Amino acid sequence: MSKNPVLSDLFEGDTWANHVGLGRWADVMVIAPLSCNTLAKMAHGLCDNLLLAAYLSAVCPVVVAPAMDEDMWHHPSTQANLSRLAAFGNRIIPVEKGELASGLYGDGRMAEPETILEFLRDMLQKRGDLKGKKALVTAGPTHEAIDPVRFIGNHSSGKMGVALARELVQRGAEVDLVLGPSSLTVDLPGLSVHRVTSAEEMYAACLEKFPGADIAILSAAVADYTPVARAAEKIKKTDGNLVLELMRTKDILKTLGGIKKKGQVVVGFALETTGEREYALGKLQAKNADLIVLNSLNDDGAGFGFDTNKVTIFGRGGSEQVYGRKPKQQVAADIVDQIEKLLYA
Ligand code: CTP
């Protein structure tokens, strides 16, 4: 109907449909409807048709609008596959409730075309919002060496920080990501990744990058203590207990909050198990941050290693935004929306 060519096979007649070309040419790739089968293939890297080959080659944002019957939608394997897609940075437009192809009524209808269009318009409009801006993001844990073999660390995966870096890049910012030891890899135009190991190295990298940054988001789970001395050789065990003396690491957020200039936006995180609101508000003041993003370990599907998160964002003027549980990539979009409000206030 659009009078544009429709590509459906890797080979059309005897010509090779260039999936790499397609994946690099597009500003956005939309898969609507996304079937259960294609979802599963995308989640696991299968490449047996033109759509999947183009998906795997796409360097642009990918948006999917799933559609399937209710039981298939709720099946744990479908939900796990969707989480994988979200972790890849793909955007998921939620299904709607209504009459399904089976005649049943429930979750699984593809979002209405108008909703999809609205989503794309919103997303593409935001893409240039941070053009010319520079951002510093910390992510992942830090490892504090005890000896050449052992370290003190924590469970942070770095997913939230990487999602933030991706969101900032997609809106046009130039991003320095200071990443502690993490198995994640990210390679995006506009993103420089600086891999560090210890809190001291992270501190040094941040202090170097901060003066040129408009935005700093400190999402790393920096170790609060580090061994006073690092043994040069592996510590051999004895029958008795081992006592390690630890000293405080430098607080990066507090340091940046203390030296920030007018116009620089500094954002910190608080991960709490009790007294969440009070502690988050305390951090906002104590570290002179502009925003504190609180995630509670008490919320289902939030915290270490999960692909979803549930946050509340506290601002200096007493603002408090509560969000529902969402894929980390969408949480990143919410956080960056709040940062933009401050930046362009
Ligand atoms: N942070 C940092 N440098 C540190 C420690 C923490 O930049 N050496 C940042 C984190 O990246 C996060 C925020 O500070 O943005 C977390 O604050 P923190 O005081 O570390 O909180 P917790 O240690 O989790 O809590 P508490 O101090 O209450 O034990």
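The values are calculated or read from the model by the stated rules, or taken from the named source; none is laboratory data. None of these values were measured; they are calculated from a predicted model. Here the Cβ is made from the backbone with ideal geometry for all residues, glycine too, and neighbour counts use every protein chain on show. Quick note on the areas: whole protein, heavy atoms, side chains included, nothing else; ligands and nucleic acids left out. Shrake-Rupley method; radii C 1.70, N 1.55, O 1.52, S 1.80 Å.
Scan the stretch 269-291 and give yes if some residue there is open to solvent by less than 50 Å² (accessible area, probe 1.4 Å), polar (S, T, N, Q) and either closer than 16 Å to Gly315 by Cβ or within 15 Å of the ligand (Cβ to nearest atom) (or both), otherwise no. Steps first, answer last, please.
Restricting attention to the stretch 269-291, the residues satisfying the condition of being open to solvent by less than 50 Å² (accessible area, probe 1.4 Å) are 269-270, 272, 275-276, 280, 282, 284, 287, 289-291.
From what's left, polar (S, T, N, Q): none.
Checked the stretch 269-291: no residue is open to solvent by less than 50 Å² (accessible area, probe 1.4 Å), polar (S, T, N, Q) and either closer than 16 Å to Gly315 by Cβ or within 15 Å of the ligand (Cβ to nearest atom) (or both).
Give all pairs with beta carbons closer than 6 Å in which a residue from the stretch 288-304 that is over 30 Å from Ile259 (Cα atoms) meets a residue that is modelled with pLDDT under 75; count only pairs at least 6 apart in sequence or on separate chains.
Leu297/Gly303
Assuming Lys254 fulfils every condition listed in (1) open to solvent by less than 40 Å² (accessible area, probe 1.4 Å); (2) of a type in the set (D, E, K, R); (3) at pLDDT 95 or above; (4) within 11 Å of the ligand (Cβ to nearest atom) apart from one, which condition is it?
In the conditions (1) open to solvent by less than 40 Å² (accessible area, probe 1.4 Å); (2) of a type in the set (D, E, K, R); (3) at pLDDT 95 or above; (4) within 11 Å of the ligand (Cβ to nearest atom), Lys254 misses (1) alone.
Could you check Ile235 against (1) closer than 26 Å to Glu144 by Cα; (2) away from the ligand (no atom under 12 Å from the Cβ); (3) in contact with a strand residue (DSSP E or B) (Cβ under 8 Å, 6 or more places away or on another chain) and say which number it fails?
Exception for Ile235: condition (3).
If you take the residues of the stretch 87-145 that are among the hydroxyl-bearing types (Ser, Thr, Tyr) and buried (at least 16 other Cβ atoms within 10 Å of the Cβ), which of them is farthest from Gly45 (Cα to Cα)?
Narrowing the stretch 87-145 to residues among the hydroxyl-bearing types (Ser, Thr, Tyr): 102, 105, 115, 138, 142.
Still in the list and also buried (at least 16 other Cβ atoms within 10 Å of the Cβ): 138, 142.
On the way: Thr138: 29, Thr142: 31 Å.
Going through the qualifying residues, I end up with Thr142.
How about the stretch 11-61: which of its residues are modelled with pLDDT of 95 or more, under 15 Å from Gly89 (Cβ atoms) and assigned to a loop (DSSP other than H, G, I, E, B)?
Gly45
Would you mind stating whether Leu244 is touching a residue at least 24 places away in the same chain (Cβ under 8 Å) and either in contact with a Gly (Cβ under 9 Å, 6 or more places away or on another chain) or part of a strand (DSSP E or B) (or both)? Working first, answer last.
Numbers: touching a residue at least 24 places away in the same chain (Cβ under 8 Å): yes; either in contact with a Gly (Cβ under 9 Å, 6 or more places away or on another chain) or part of a strand (DSSP E or B) (or both): no.
For Leu244, the condition - touching a residue at least 24 places away in the same chain (Cβ under 8 Å) and either in contact with a Gly (Cβ under 9 Å, 6 or more places away or on another chain) or part of a strand (DSSP E or B) (or both) - is not met.
Among the residues of the stretch 171-183, is any among the β-branched types (Val, Ile, Thr) and free of Cβ contacts under 8 Å to residues at least 24 places away in the same chain?
First pass over the stretch 171-183, keeping only residues among the β-branched types (Val, Ile, Thr): 175, 178.
Now narrow it down to the ones that are free of Cβ contacts under 8 Å to residues at least 24 places away in the same chain: none.
No, the stretch 171-183 contains no residue that is among the β-branched types (Val, Ile, Thr) and free of Cβ contacts under 8 Å to residues at least 24 places away in the same chain.
Of the residues Thr226, Thr197, Thr185, only one is within 16 Å of the ligand (Cβ to nearest atom) and either among the hydrophobic types (A, V, I, L, M, F, W, C) or open to solvent by 40 Å² or more (accessible area, probe 1.4 Å) (or both); which? Break it down stepwise before answering.
Details: Thr226 fails: either among the hydrophobic types (A, V, I, L, M, F, W, C) or open to solvent by 40 Å² or more (accessible area, probe 1.4 Å) (or both); Thr185 fails: within 16 Å of the ligand (Cβ to nearest atom).
Selected residue: Thr197, the only one of Thr226, Thr197, Thr185 that is within 16 Å of the ligand (Cβ to nearest atom) and either among the hydrophobic types (A, V, I, L, M, F, W, C) or open to solvent by 40 Å² or more (accessible area, probe 1.4 Å) (or both).
Out of the residues in the stretch 200-221 meeting the condition of being more than 13 Å from the ligand (Cβ to nearest atom) and not in a helix (DSSP H, G or I), tell me which one is nearest to the chain's Cα centre (by Cα). Outline the logic, then answer.
Going residue by residue through the stretch 200-221, those that are more than 13 Å from the ligand (Cβ to nearest atom) are 208-209, 211-215.
Cutting the leftovers down to not in a helix (DSSP H, G or I) gives us 213-215.
On the way: Ala213: 19, Asp214: 19, Ile215: 16 Å.
Looking at the filtered set, the residue picked out is Ile215.
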